[in-house]
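Read the structure below first, then the notes.
The values are calculated or read from the model by the stated rules, or taken from the named source; none is laboratory data. Please read all numbers here as calculations on a predicted model, not as lab measurements. Please note: Cβ atoms are built from the backbone with ideal geometry, for glycine as well, and neighbour counts cover all protein chains shown.
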């Protein structure tokens with residue numbers, strides 16, 4: 001491995017550091033000026049220069065929205081946010097999920113999530129690239145690649161993965177292409193790209209934020225969430241987007257649990273807080289373990305009480321999660337496609353399989369659709385219900401809930417993931433299994449990742465995982481860590497690793 005000191009990256013040291021992208025758009029009281037600056041940044045960095053491939057489309061209405069933002073008060077008024085391209089907006093932009101089958105899918109409707117952002121004065125800057133179909137097409141898929149958007153590159157090392165499936169959202173925030181972005185997660189699709197791009201990512205409790213008019217994988221595990229430069233920014237966005245949606249039964253209890261997620265955030269402390277420390281999922285990279293130990297030492301110095309948790313991820317959990325996702329994907333995606341306005345060329349998963357075969361040169365040049373085909377064949381409802389119940393038990397009642405109760409801790413921490421691996425368009429992804437995020441994903445519990453340092457110049461994040469509806473407490477814990485973090489954080493080099 002190369003010596004970190006030889007790498008051409010700038011490091012920011014000291015407590016309470018927030019991730020600065022390179023170059024950063026200057027903060028202005030003029031939303032229109034900021035939008036213009038972000039569009040220039042996208043042209044310079046994303047479309048030209050290193051060609052990050054993070055943005056699928058810029059909203060032609062963004063400047064007008066920015067000019068109107070002055071009439072709306074509140075902390076989000078005039079803030080420019082990018083939306084993952086599996087989330088519908090009423091702007092004249094298609095919602096493609098990265099697939100050519102939906103390249104003309106302009107629905108003319110806002111998802112409730114986007115509607116809440118608009119009501120808060122947010123400017124919808126555009127749509128971000130993603131792993132096609134949110135990484136649910138093939139077991140050999142390439143994170144960050146879609147037929148519509150091409151490949152998203154990691155701004156810290158453009159020959160390495162931005163992870164996925166919210167690849168463009170994570171890369172865009174890291175590169176300063178917007179104030180913040182919205183991603184979606186089923187298992188790791190917010191937290192992994194946030195960790196590998198060196199930014200904050202928050203997967204809320206499933207049901208805290210509406211999933212209506214969002215291209216689905218699984219009604220049991222899907223949720224949108226913010227990707228930002230700081231925990232405080234994520235909390236502001238959560239305050240705007242959380243809430244009950246009559247169209248999404250999972251959100252029935254959201255109004256009872258939402259609130260001002262920013263309230264008290266600046267005073268949150270780790271003093272006296274008992275934290276469950278998961279070590280068995282730190283991976284085989286010694287330097288990742290060193291960064292993790294430094295983060296733990298920071299929390300200990302801040303007064304936290306650390307309790308080792310002997311957690312080992314269950315093969316049974318992974319197996320039954322897989323059964324659940326395949327069954328729900330066929331049903332949930334089919335329902336979404338049938339509900340689309342207009343005349344899309346696909347109305348079911350079977351239609352998509354046929355479409356990809358007919359457009360194999362564009363869609364399947366790099367990898368196939370074995371997961372599509374497995375999902376289309378997953379019709380055993382009894383097996384599905386048994387698998388879902390068992391996976392939920394292992395992740396929730398006998399997983400996170402049991403660990404929090406048995407060891408009397410407020411939340412769990414673990415490394416979010418490994419450093420970014422090299423992008424390989426020939427052999428597909430090389431995912432390295434690190435962290436405990438699958439438990440939170442399957443249980444539907446909140447999971448926050450905050451940058452904790454770097455391994456050879458590549459960012460790595462620290463995960464905070466808590467009980468259902470403990471979203472605010474998890475954000476407070478992450479903000480408290482952010483203030484006491486001592487590790488240097490890398491700034492994107494916009495170059496290949498080691499150059």
From the list 428, 399, 417, pick out the single residue that is within 25 Å of residue 474 (Cα to Cα) and in a loop (DSSP other than H, G, I, E, B).
417
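Yes/no matrix, rows are residues, columns are (1) closer than 28 Å to residue 261 by Cα; (2) touching a residue at least 60 places away in the same chain (Cβ under 8 Å); (3) outside any helix (DSSP H, G or I):
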site	(1), (2), (3)
66	yes, no, no
69	yes, no, no
76	yes, yes, yes
90	yes, no, yes
98	no, no, yes
101	no, yes, no
105	no, yes, yes
109	yes, yes, yes
Candidate set from region 174-200 (those that are part of a strand (DSSP E or B) and over 23 Å from residue 322 (Cβ atoms)); member that is farthest from the chain's Cα centre (by Cα)
180
Say whether the condition of being touching a helix residue (DSSP H, G or I) at 6+ places or on another chain (Cβ under 6 Å) and in a loop (DSSP other than H, G, I, E, B) is met by at least one residue in region 375-391.
yes
In this structure, does residue 242 turn out to be more than 13 Å from residue 208 (Cα to Cα) and at pLDDT 95 or above?
no
Evaluate region 143-156: report whether one residue or more is farther than 24 Å from residue 484 by Cβ, touching a residue at least 24 places away in the same chain (Cβ under 8 Å) and under 13 Å from the mean Cα position of the chain (by Cα).
yes
Residue 468 fails exactly one of (1) on the phi > 0 side of the Ramachandran plot; (2) in a loop (DSSP other than H, G, I, E, B), namely (1)
Is it the case that residue 492 is modelled with pLDDT of 95 or more, under 18 Å from residue 170 (Cα atoms), in a loop (DSSP other than H, G, I, E, B) and touching a helix residue (DSSP H, G or I) at 6+ places or on another chain (Cβ under 8 Å)?
yes
If you check residue 498 against the conditions, is it outside any strand (DSSP E or B) and modelled with pLDDT under 95?
yes
State yes or no: is residue 412 under 13 Å from residue 466 (Cα atoms) and either assigned to a strand (DSSP E or B) or modelled with pLDDT under 95 (or both)?
yes
Name the single residue, out of those in region 54-64 being assigned to a loop (DSSP other than H, G, I, E, B) and surrounded by fewer than 24 Cβ atoms within 10 Å (Cβ to Cβ), that is nearest to the chain's Cα centre (by Cα).
59
Among 171, 175, 194, which is the only one that is closer than 20 Å to residue 481 by Cα and touching a helix residue (DSSP H, G or I) at 6+ places or on another chain (Cβ under 8 Å)?
194
Filter region 304-362 for residues that are closer than 30 Å to residue 293 by Cβ, touching a strand residue (DSSP E or B) at 6+ places or on another chain (Cβ under 9 Å) and either in contact (Cβ under 8 Å) with a residue 60 or more places away in the chain or not in a loop (DSSP other than H, G, I, E, B) (or both) and give the result.
305, 306, 307, 308, 309, 311
How many residues are touching a strand residue (DSSP E or B) at 6+ places or on another chain (Cβ under 8 Å) and at positive phi when one looks only at region 134-148?
2
The residue from 237, 182, 214, 227 that alone is under 15 Å from residue 450 (Cα atoms) and touching a strand residue (DSSP E or B) at 6+ places or on another chain (Cβ under 7 Å) is 227
